[in-house]
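Enquirer: Have a look at this one before I ask anything.
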Amino acid sequence: MRLLKGCGMRVLAIEGSPRERGNSSILLDWVIERILDAGGEVTRCCVRDLSIEPCRGCGGCRERGECIIKDDMAWVIEALKTSDHLVVSTPVYFYHVPAQLKALIDRLQPLWVKRSLLGSPWRRSRGYLLLLAVGATKGDRLFEGIILTMNCIASVLGFTMMDPILVRGVDAQGAIGKLAYVRQMVQKNVSCLADV
């Protein structure tokens with residue numbers, strides 16, 4: 001976890017890749033750079049460095065909207081509470097997110113419980129969620145599963161989905177660095193985030 005300071009908007013940047021310096025991580029670096037240039041404050045959360053157990057499906061969160069598992073997920077939820085916006089960066093694994101990121105997503109269940117079952121919204125402000133996804137293949141439906149999941153997360157967490165930055169056909173580690181059009185997408189999308 002790294003806190004990068006500026007002023008203005010507070011952004012939680014979740015890096016979902018299990019591989020250090022992977023293409024989705026480089027893409028996230030570019031987005032963070034733009035946010036900091038705009039005066040934002042970024043907390044970077046590398047899921048591979050966290051200890052997050054998968055959801056047990058025990059229903060323990062149904063009474064108070066709190067998970068019974070004590071691990072790094074408590075820190076993630078606190079970081080979400082204090083963030084204006086959320087950026088999620090992920091590679092595509094079999095048309096979805098890697099297991100480590102999926103465990104984090106599933107552990108957001110207590111926040112759904114708070115909002116939907118207990119009628120207690122857990123955050124007051126509305127912000128934006130920006131998805132960054134990089135996949136090796138060029139399939140038309142490559143990002144559908146991830147987009148559906150992120151739309152659900154945005155709804156549960158009280159964020160509005162921005163147009164995602166989706167990159168197809170990139171596999172070799174670091175290959176995204178040679179794609180100028182991707183940097184242009186970052187310039188456009190993150191400028192929009194800075195304007196809200």
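Enquirer: So is residue 111 crowded, with 17+ Cβ neighbours inside 10 Å, more than 14 Å from the chain's Cα centre (by Cα), assigned to a loop (DSSP other than H, G, I, E, B) and not basic (Lys, Arg) or not? Let's see the steps before the verdict.
Expert: Details: crowded, with 17+ Cβ neighbours inside 10 Å: yes; more than 14 Å from the chain's Cα centre (by Cα): yes; assigned to a loop (DSSP other than H, G, I, E, B): no; not basic (Lys, Arg): yes.
No; evaluated as a whole, the condition is false for this residue.
Enquirer: Could I ask something else about it? Test each condition in (1) closer than 29 Å to residue 8 by Cα; (2) part of a loop (DSSP other than H, G, I, E, B) for residue 86 and report the one that comes out false.
Expert: With (1) closer than 29 Å to residue 8 by Cα; (2) part of a loop (DSSP other than H, G, I, E, B) applied to residue 86, the lone miss is (2).
Enquirer: So, one more: It is to be established whether one or more residues within the stretch 124-132 are assigned to a loop (DSSP other than H, G, I, E, B) and free of Cβ contacts under 8 Å to residues at least 24 places away in the same chain.
Expert: As a first pass, look at the stretch 124-132 and keep what is assigned to a loop (DSSP other than H, G, I, E, B): 124-126.
Now narrow it down to the ones that are free of Cβ contacts under 8 Å to residues at least 24 places away in the same chain: 124.
For the stretch 124-132, residues assigned to a loop (DSSP other than H, G, I, E, B) and free of Cβ contacts under 8 Å to residues at least 24 places away in the same chain: present.
Enquirer: Let me ask something additional. Could you check the stretch 82-95 and list, in sequence order, the residues that are within 27 Å of residue 144 (Cα to Cα) and either touching an Asp or Glu at 6+ places or on another chain (Cβ under 8 Å) or open to solvent by 50 Å² or more (accessible area, probe 1.4 Å) (or both)? Spell out the reasoning first.
Expert: Of all residues in the stretch 82-95, those within 27 Å of residue 144 (Cα to Cα) come to 83-95.
89, 93, 94, 95 - these are the residues of the stretch 82-95 that are within 27 Å of residue 144 (Cα to Cα) and either touching an Asp or Glu at 6+ places or on another chain (Cβ under 8 Å) or open to solvent by 50 Å² or more (accessible area, probe 1.4 Å) (or both).
Enquirer: Which of the residues belonging to the stretch 136-170 are assigned to a loop (DSSP other than H, G, I, E, B) and in contact (Cβ under 8 Å) with a residue 60 or more places away in the chain? Talk me through it step by step, then tell me what you get.
Expert: Step one: filter the stretch 136-170 for residues assigned to a loop (DSSP other than H, G, I, E, B), giving 136-143, 158, 162-164, 168-170.
Matches in the stretch 136-170: 170 only.
Enquirer: Moving to a separate point now. List every residue pair whose Cβ atoms sit under 8 Å apart, with the two residues 6 or more apart in sequence or on different chains, where the first one lies in the stretch 93-114 and is over 15 Å from residue 55 (Cβ atoms) and the second, anywhere, is open to solvent by 60 Å² or more (accessible area, probe 1.4 Å) and modelled with pLDDT of 95 or more.
Expert: 93/99; 95/141; 95/144; 96/102
Enquirer: Give the residue, chosen from 11, 87, 42, 47, that is among the β-branched types (Val, Ile, Thr) and touching a Pro at 6+ places or on another chain (Cβ under 9 Å). Break it down stepwise before answering.
Expert: On the way: 11 fails: touching a Pro at 6+ places or on another chain (Cβ under 9 Å); 87 fails: touching a Pro at 6+ places or on another chain (Cβ under 9 Å); 42 fails: touching a Pro at 6+ places or on another chain (Cβ under 9 Å).
Going through 11, 87, 42, 47 in turn, just one is among the β-branched types (Val, Ile, Thr) and touching a Pro at 6+ places or on another chain (Cβ under 9 Å): 47.
Enquirer: Now for a separate question. Please work out which residue is modelled with the highest pLDDT, limiting yourself to the stretch 42-66 and to residues that are farther than 18 Å from residue 12 by Cβ, assigned to a loop (DSSP other than H, G, I, E, B) and open to solvent by less than 50 Å² (accessible area, probe 1.4 Å).
Expert: 59
The values are calculated or read from the model by the stated rules, or taken from the named source; none is laboratory data. None of these values were measured; they are calculated from a predicted model. Glycine also receives a Cβ, built like all others from the backbone with ideal geometry; neighbour counts cover every protein chain displayed. Quick note on the areas: whole protein, heavy atoms, side chains included, nothing else; ligands and nucleic acids left out. Shrake-Rupley method; radii C 1.70, N 1.55, O 1.52, S 1.80 Å.
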